[in-house]
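S.K.: Structure below; questions to follow.
The values are calculated or read from the model by the stated rules, or taken from the named source; none is laboratory data. Treat the numbers as computed from the prediction; the structure is a model and nothing was measured. Here Cβ is always computed from backbone atoms with ideal geometry, including for glycine, and neighbour counts include all displayed protein chains. Just the protein is used for accessible areas: all its heavy atoms, side chains included, with ligands, DNA and RNA removed. Shrake-Rupley method; radii C 1.70, N 1.55, O 1.52, S 1.80 Å.
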Amino acid sequence: MISHPLVSVIIPAYNAASFVREAIDSALDQSYSAVEVVVVDDGSTDATRDVLRSYGGWITSVFQPSAGQSVAINRGFSLARGDLVAYLGADDRLHSSAIETLVNAMARDELACLVYPDFNLIDERGDIIRRISAPHYDQRRLIAGFRCLPGPGALVRKRAWGCCGGWSSSFRQIPDMDFYLRLSLVGPFARVPHNLADFRVHPGSTTQSESSYDMANEPVKLIDEFFKRRDLPAGVRRWEKEARANALALAGFLHVTGNRKSLGARCFAQAARLSPRDVLSRQFAVYAIRSLARLLSRSSRVERGTICSRL
């Protein structure tokens with residue numbers, strides 16, 4: 001890798017006029033100078049295009065008919081000129097030292113095909129809700145534990161990105177997880193233990209919306225496709241049962257968020273039968289507790305709504 005490589009920051013945007021300026025400004029306002037920003041407007045119907053035009057030649061921006069996040073990211077990758085590529089959500093932010101710190105980490109670890117930092121959760125106003133320490137990288141934790149280890153601010157070697165085939169448009173709920181599983185077959189990841197990015201939580205974000213039936217089934221679909229690969233190392237193939245159990249637990253939680261309680265319970269039961277020891281894992285417990293909390297919260301909302309309708 002050259003000593004001062006160009007970094008391409010790809011920002012897919014859909015109806016992101018409220019936040020995309022913050023995302024772009026954070027990518028431009030870096031202590032590292034060799035940065036280009038590529039924004040793909042995925043069919044926005046709000047003022048997103050007006051915001052992008054205001055930057056003139058400071059960024060590369062393109063408009064495409066709405067085709068989904070993965071198609072937008074792949075379009076951005078096709079336009080990227082950098083040896084290193086970062087993906088940034090249109091409502092997220094990079095800290096000013098992020099690119100410099102991540103490039104230095106990549107230079108120190110020549111084997112790593114991706115480096116990822118710790119990050120903050122922020123609210124609509126940009127205030128910090130919580131600081132997140134990302135888990136250290138372990139391929140088994142990623143695949144068998146079915147945990148999406150990188151968060152916002154991850155930096156990828158462009159050649160590694162190209163080797164694994166980019167983002168799949170067949171996944172809408174967890175396209176990043178699909179990408180990271182395939183990328184882990186190209187090379188290892190490395191965590192950078194510094195808070196270098198902000199992940200915004202707000203009512204319009206994908207993570208806060210209810211999952212459709214098909215989207216909730218994506219974890220199981222992903223595992224089906226991944227373990228059909230003929231090029232999986234034997235060590236990875238041995239993790240299939242554990243990976244499937246954890247994917248089922250996530251699917252169960254997503255079905256509960258979509259108010260499909262019986263389907264959620266069925267997924268949790270299948271996971272427990274498939275790999276009983278995973279029922280005792282922290283990850284399984286998190287999904288189960290969050291599912292219960294959703295159910296209780298939903299019941300409370302229904303009760304309040306019933307009372308209000310009678311007043």
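S.K.: LEU149 passes all but one of (1) over 24 Å from ARG108 (Cα atoms); (2) free of Cβ contacts under 8 Å to residues at least 60 places away in the same chain; (3) buried (at least 20 other Cβ atoms within 10 Å of the Cβ); which number fails?
M.R.: (1)
S.K.: Moving on to the next point. Are any of the residues in segment 181-199 closer than 29 Å to ASN104 by Cβ, under 14 Å from the mean Cα position of the chain (by Cα) and of a type in the set (Asp, Glu)?
M.R.: yes
S.K.: Another one. Read through the list (1) within 20 Å of the chain's Cα centre (by Cα); (2) open to solvent by 10 Å² or more (accessible area, probe 1.4 Å), then give the number of the only condition that LEU79 fails.
M.R.: (1)
S.K.: Being crowded, with 18+ Cβ neighbours inside 10 Å and β-branched (Val, Ile, Thr) is the filter here; which residues of segment 114-144 pass it?
M.R.: Once the filter is applied, which keeps residues that are crowded, with 18+ Cβ neighbours inside 10 Å and β-branched (Val, Ile, Thr), segment 114-144 yields VAL115, ILE122, ILE143.
S.K.: Here's a follow-up. Taking the conditions exactly as written (among the hydrophobic types (A, V, I, L, M, F, W, C), at pLDDT below 95 and open to solvent by less than 70 Å² (accessible area, probe 1.4 Å)), does VAL302 satisfy them or not?
M.R.: no
S.K.: Scan segment 87-126 for residues that are over 18 Å from ARG21 (Cβ atoms) and out of contact with any helix residue (DSSP H, G or I) (no Cβ under 7 Å at 6 or more places or on another chain) and report the count.
M.R.: Result for segment 87-126: 19.
S.K.: Any residue that is under 21 Å from the mean Cα position of the chain (by Cα), part of a helix (DSSP H, G or I) and at pLDDT below 85 - is there at least one of those in segment 259-282?
M.R.: Yes, some residue in segment 259-282 is under 21 Å from the mean Cα position of the chain (by Cα), part of a helix (DSSP H, G or I) and at pLDDT below 85.
S.K.: With the requirement that a residue be of a type outside the set (Phe, Trp, Tyr) and in a loop (DSSP other than H, G, I, E, B), what does segment 128-146 give you?
M.R.: Correct list: SER133, ALA134, PRO135, HIS136, ASP138, ALA144, GLY145.
S.K.: ARG125 versus (1) part of a loop (DSSP other than H, G, I, E, B); (2) basic (Lys, Arg); (3) in contact (Cβ under 8 Å) with a residue 60 or more places away in the chain: which is the lone unmet condition?
M.R.: (3)
S.K.: Follow-up. Let me confirm something: among LEU94, LEU121, LEU102, LEU149, which residue is over 11 Å from ALA197 (Cβ atoms) and touching a strand residue (DSSP E or B) at 6+ places or on another chain (Cβ under 9 Å)? Walk me through it before giving the result.
M.R.: Numbers: LEU94 fails: over 11 Å from ALA197 (Cβ atoms); LEU121 fails: over 11 Å from ALA197 (Cβ atoms); LEU102 fails: over 11 Å from ALA197 (Cβ atoms).
Of LEU94, LEU121, LEU102, LEU149, the one residue that is over 11 Å from ALA197 (Cβ atoms) and touching a strand residue (DSSP E or B) at 6+ places or on another chain (Cβ under 9 Å) is LEU149.
S.K.: Can you go through ALA90, ALA67, ALA107 and tell me which one is open to solvent by 40 Å² or more (accessible area, probe 1.4 Å), in a loop (DSSP other than H, G, I, E, B) and hydrophobic (A, V, I, L, M, F, W, C)?
M.R.: Criteria check complete, one pass: ALA67.
S.K.: May I ask you to list the residues in segment 1-30 that are assigned to a loop (DSSP other than H, G, I, E, B) and open to solvent by less than 70 Å² (accessible area, probe 1.4 Å)? Working first, answer last.
M.R.: Pass one, segment 1-30, residues assigned to a loop (DSSP other than H, G, I, E, B): 1-6, 14-19, 29-30.
PRO5, LEU6, ASN15, ALA16, ALA17, PHE19, GLN30, listed by residue number.
S.K.: Would you please name the residue that is surrounded by the fewest Cβ atoms within 10 Å (Cβ to Cβ), looking only at residues in segment 40-61 that are within 10 Å of ALA13 (Cα to Cα) and of a type in the set (Val, Ile, Thr)?
M.R.: Only one residue tops the list, namely THR48.
S.K.: Separate question: Which fully enclosed helices (runs of 4 or more DSSP H) of segment 176-258 have 1 or more residues being in contact with a Phe, Trp or Tyr (Cβ under 8 Å, 6 or more places away or on another chain), of a type in the set (A, V, I, L, M, F, W, C) and open to solvent by less than 50 Å² (accessible area, probe 1.4 Å)? Give the derivation first.
M.R.: Working: elements: 213-216, 218-226, 234-237, 240-257.
Answer list for segment 176-258: 218-226, 240-257.
S.K.: Consider ALA288 carefully, then state whether it is open to solvent by 20 Å² or more (accessible area, probe 1.4 Å), without any contact (Cβ under 8 Å) to a residue 40 or more places away in the chain and under 25 Å from the mean Cα position of the chain (by Cα).
M.R.: Criteria met by ALA288.
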